[in-house]
Every structure is written in structure tokens, then in C-alpha cells.
Amino acid sequence: SQTIHQWPATLVQPVGSPLSLECTVEGTSNPNLYWYRQAAGRGLQLLFYSVGIGQISSEVPQNLSASRPQDRQFILSSKKLLLSDSGFYLCAWSRGSDTEAFFGQGTRLTVV
Amino acid sequence: GESVGLHLPTLSVQEGDNSIINCAYSNSASDYFIWYKQESGKGPQFIIDIRSNMDKRQGQRVTVLLNKTVKHLSLQIAATQPGDSAVYFCAERAGGFKTIFGAGTRLFVKA
């Protein structure tokens, strides 16, 4: 069966510090990968998606970047965090464009 | 731009009653719709999906109805249980890979 791992679960970082959140998928190959951000009590905003190694599409201009160095690894990064980067970050994968996405457990990021 | 919204931000139901969560979408080109359940502090879990060539789909205790004429989607939960308490999101996809989520409806189940 397929599983998705996302870490860390919680993170408190000072303003201006770098960020690296990692997500890996097991049990499937060539998944579509996604990073979402969820503000408190709100819906999910798509940040990045990837259909293959090294292929990243950005949905909104922001202080974040994403990379896919391996088929089942997706990384969300920032060189300098802003207070507004605080939120709940979710990684997800899907088999294709017309199938459901499976989500990781999320990372609660607090920038102080 | 495209948006997916919800009629009711919160819904409170008695245990054993049926729940109906509604969702409106604005992109007439959307052809795939998904309902997710999110419990506090966790990632969303897939509940049920429906493609635009259907108007109804049933799962275990859940039914999704799609009305393309008025661009409306609903999730019906039969015999609601305390474990159904969560935030429910509808989501749409208009081809490609971009899934747009609504703001969510919080369901409270009273024992």
C-alpha cells in the first residue's frame, strides 16, 4: 500500500531563518506531488505541484520554493522566513489529474 | 478567479440524524469533484469523489450529489455519528493538476 510521510510535525522558527520541510511517498512510482498551505480555520491553498523529477509548478508568488530531487521526494524551502509564512503545510500525492489526492499529516509552522 | 465555496460554515446535527453539507462551485469547466474530511491537527482524508458525467454517487453512509446546471455539490451523511465530527471540504478540478478547495464546513455531532 502507499504511504506518505511528512516531517516535522511541528516547527517553531525565528523570522529570517531558513526552512526545509520534507515529504516522501512510498509504494508508488511517478506520483504527482503537491504542497498546500492551510491558514487557521480556512481552506487549502495550493502552493506547488510536480508531475516529475525536477518539474515544479508554482501557483502563487511567495517566499517559498519547492524541489523534487527524487521521484518520491518533495521538499518545501525558504531562505528567509516571514511571519506570514506561519501556517499548516500539507504534502499530498495523486496518481493522476483525475484521481483523489492523499495527504500527509501536515507540519504546523510557527514563525516568531 | 475560480472558487469553491460553501453555503454553511458550521452545521450541528443530532447523532443518528442525516447530515447534508452543501458546496457551490464557479468554474463550469470543472469535471472532477472530491469531498475530504479533516480532523483537528490532521491532513484531509478522502471521502468520496464524483466526475462530471455523473449526478450521484454513493459510498458507505455517504452520498455525493452533483448538479451541474446550478454548479452545486452536496455531501449527505446517513445516520451521523460522533466520529463524523470534523471539517468537510469540497474540492474541484478543471483538468490539469490544480485542485481548488472550498473554505470548509465544520460538522458538530451532538450525542
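The values are calculated or read from the model by the stated rules, or taken from the named source; none is laboratory data. What you are looking at is a predicted structure, and each value in this text was computed from that prediction instead of being measured. All Cβ positions, glycine included, derive from the backbone under ideal geometry; neighbour counts span all protein chains shown. These area figures cover heavy atoms from the full protein model, side chains too; ligands, DNA and RNA do not enter into them. Shrake-Rupley method; radii C 1.70, N 1.55, O 1.52, S 1.80 Å.
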(message) What are the ³J(HN,Hα) couplings of region B:45-50, residue after residue, when phi is run through the Karplus curve with 6.51, -1.76, 1.60 and θ = phi - 60°? Round to Hz, x for glycine and proline.
(response) 10, 5, 10, 7, 10, 8
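Pull out the extension gain between residue B:106 and residue B:70, defined as 0.36 nm times the separation in residues minus the alpha carbon to alpha carbon distance; nm, one decimal.
10.6 nm
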(request) Keeping the other protein chains in place, figure out the carbon and sulfur percent of the accessible area of the protein assembly as shown, with a 1.4 Å probe. (result) 49 percent
(request) Filter the trypsin sites (Lys or Arg not before Pro) in region A:6-112 down to the DSSP loop ones having no more than 16 other Cβ atoms within 10 Å, then list what survives. (result) A:42, A:79, A:80, A:95
(message) Is there a quick way to get the dipole size of chain A? I mean about its Cα centre, with the Cβ of Lys and Arg at +1 and of Asp and Glu at -1; what is the value in debye to the nearest 20?
(response) 280 debye
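What does the charge dipole of chain B about its Cα centre add up to, to the nearest 20 debye, if the Cβ of each Lys and Arg holds +1 and the Cβ of each Asp and Glu holds -1?
So the dipole magnitude of chain B works out to roughly 120 debye.
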(message) Defining a contact as two alpha carbons under 8 Å apart and six or more residues distant in sequence, what relative contact order in percent does region B:4-110 show?
(response) 38 percent
(message) I need to check one value: relative contact order of region A:19-98, counting alpha carbon pairs closer than 8 Å and at least 6 residues apart, in percent.
(response) 40 percent
(request) With a 1.4 Å probe on protein heavy atoms only, work out how much accessible surface B and A bury together, total over both chains, in Å² to the nearest 100. (result) 1700 Å²
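What accessible area per residue comes out for the protein assembly as shown, rounded to a whole number of Å², with a 1.4 Å probe?
47 Å²
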(request) Mind listing, in residue-number order, the residues in region A:26-75 that have at least 50 Å² less accessible area with every protein chain present than in their own chain alone (1.4 Å probe)? (result) A:44
